[in-house]
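The values are calculated or read from the model by the stated rules, or taken from the named source; none is laboratory data. Just so it is clear, the structure is predicted and the values come from calculations on it, not from any experiment. With ideal geometry, Cβ positions are generated from the backbone for all residues, glycine too; neighbour counts draw on all protein chains shown.
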Amino acid sequence: MVDLGAVLISQQPAFCPHFRWGYKERLFRASGRRMRLLHVLAFVLLIGIAVCKNESKNKLVVVTVASNATDGYLRFLRSANLYGYSVEVLGMGQPWLGGDVKRYAGGGYKINLLKKYMENHKDDSKTIYLFTDSYDVIFTASAKTLVKKYLEMKARVVFTAERFCWPDSSLSNSYPPVMGSSKYLNSGGFIGTGQSIYEMLTVRDIADTDDDQLYYTQLYLDPDMRNDLGIKLDYENQIFQALFGSEADVKIRAREDEVKEFYLFNAEHNTEPCVLHGNGLAKDTLNSMANYLAGSRTKTDCLICSENNFKIADLPTPPTLQLGIFIERPTPFLPEFFARILAQDYPKEHIHLFIHNREAYHKQHVADFLEHTSSYASITVKGHDSAISEAEARSLGISECLSHACDYYLSVDSEATLTQPMAITLLMELNRTLLAPMMVRPGKMWSNFWGALSDEGFYSRSEDYGEILDNSKR
């Protein structure tokens, strides 16, 4: 949670790891006395070639369901592209028919979409299909690593395992006993060949609003069905990590190499999961972890900060800005505040002004400022006598933005002054959906933001709070 003093809103060739070609060349220079050894090593080499060819045949396709291109969805795609996954998206731009899954069981719509897609792949026993959610999922390892782990598990279909038995907790005693804390099926991620998955999807029909996780759970809990379909749960989090309930066991670590990239580590099983799912109430934790994972940053640098930036000078016309100025309490140095607004090096004909002034004392200051605003695209002023509350005024500022079809909305309180003349341009060129300032009290652990939320939805200090505060992490 952030106290927003000023806010900008924007609408290689194949490689086989099993042998080294240089070593093979040296072997062929060996003396006759070593030919027997050479034959043995050549046999091992041929095995290595066979394994690599076998791995290369296992094409992987990621399938997900998404109705809208949300920030979470775009984050998912970014991580998929980074690690070399091919993604098929089902349901984009179509109404969601799976019920209110935020509050109730549901999601059968996902099964029906997937079933229709898999009809064209029902006899495919070679291609591996990975189904995941998208809004609350990121990849944390390469497609090659994930496929290798799946093949090592020797199962037809592998599901995510989680700590909670959802949506029917009465089924918890029906699960087979296992070592570890994650023993229940989670439908947010599973993997198998096209043939295996289609067989699983067509055991029986399901309504769009029925629960997808319950459908898979009932198949798994039937011993005969579980055996016939070859279903296993990823108890050790080799591939999948369901985050809810496991937050204390899931760590972010930095690799001890030159790059020092962050990676996901499960301390309970000493594993590095490939897919991180912020299921249940773990959405905020996922958001925090995603700031570091999937190549977002290293121990020394923020990599994602420079992604998708642009230069306004490269655009045919500058973006349209709605600038909202809010004077909600007596403010010292208000003339200087306005002078810095006027000093912003951005074409004023592309700026619409909205001013809300609750203080009669500042009426003349606003009037003096307005004498220098003839170049702005439009000006709307709500004075202290307009009987508009602060909340209403802030909503009205957004409405003004929408009415002008603005590209960006910048909200500035009178207590927060823009000392950088290029502030508007620099903020836009970062190309982010939402930007907010960080304000601190020097030498204090105080700031205008919360690093995390408690279970009660109130303040909680995040692990990286101090590092963010002193700018060692940005």
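As for the range 260-268, it holds at least one residue that is surrounded by fewer than 15 Cβ atoms within 10 Å (Cβ to Cβ), touching a Ser or Thr at 6+ places or on another chain (Cβ under 6 Å) and not assigned by TED's automatic domain parsing to the domain that holds V137.
Please verify whether F354 is part of a loop (DSSP other than H, G, I, E, B) and at pLDDT 95 or above, treating the condition exactly as stated. When the stated conditions are applied, F354 does not pass them. So, E400, is that one crowded, with 16+ Cβ neighbours inside 10 Å, part of a loop (DSSP other than H, G, I, E, B) and out of contact with any helix residue (DSSP H, G or I) (no Cβ under 6 Å at 6 or more places or on another chain) or not? So E400 does not fit the description; no. For the range 437-461, the tally of residues that are under 18 Å from N287 (Cβ atoms), out of contact with any Phe, Trp or Tyr (no Cβ under 8 Å at 6 or more places or on another chain) and assigned to a loop (DSSP other than H, G, I, E, B) stands at 5. Checking each residue in the range 413-445 for being at positive phi and touching an Asp or Glu at 6+ places or on another chain (Cβ under 9 Å) picks out only N431. Being within 17 Å of the chain's Cα centre (by Cα) and not in a loop (DSSP other than H, G, I, E, B), is that true of even one residue in the range 226-241? Yes, the conditions are met somewhere in the range 226-241.
Flag set for E268, criterion: in a loop (DSSP other than H, G, I, E, B), charged (D, E, K, R) and under 23 Å from F240 (Cα atoms).
Every listed requirement among (1) buried (at least 21 other Cβ atoms within 10 Å of the Cβ); (2) outside the structural domain of E162 (by TED's automatic domain parsing) is met by D234 save one, (2). Do we find a residue being of a type in the set (S, T, Y), part of a loop (DSSP other than H, G, I, E, B) and surrounded by 12 or more Cβ atoms within 10 Å (Cβ to Cβ) anywhere in the range 311-319? No - not one qualifying residue is present in the range 311-319. Restricting the range 93-137 to residues that are in contact with a Gly (Cβ under 6 Å, 6 or more places away or on another chain) and of a type in the set (D, E), the residue that is surrounded by the fewest Cβ atoms within 10 Å (Cβ to Cβ) is D124. Scanning the range 63-92 for residues that are touching a helix residue (DSSP H, G or I) at 6+ places or on another chain (Cβ under 7 Å), small (G, A, S) and surrounded by 15 or more Cβ atoms within 10 Å (Cβ to Cβ) yields a count of 2.
Looking for something over 14 Å from the mean Cα position of the chain (by Cα), within 17 Å of T160 (Cα to Cα) and at pLDDT below 95 - is there at least one such residue anywhere in the range 281-289? Looking through the range 281-289, at least one residue is over 14 Å from the mean Cα position of the chain (by Cα), within 17 Å of T160 (Cα to Cα) and at pLDDT below 95.
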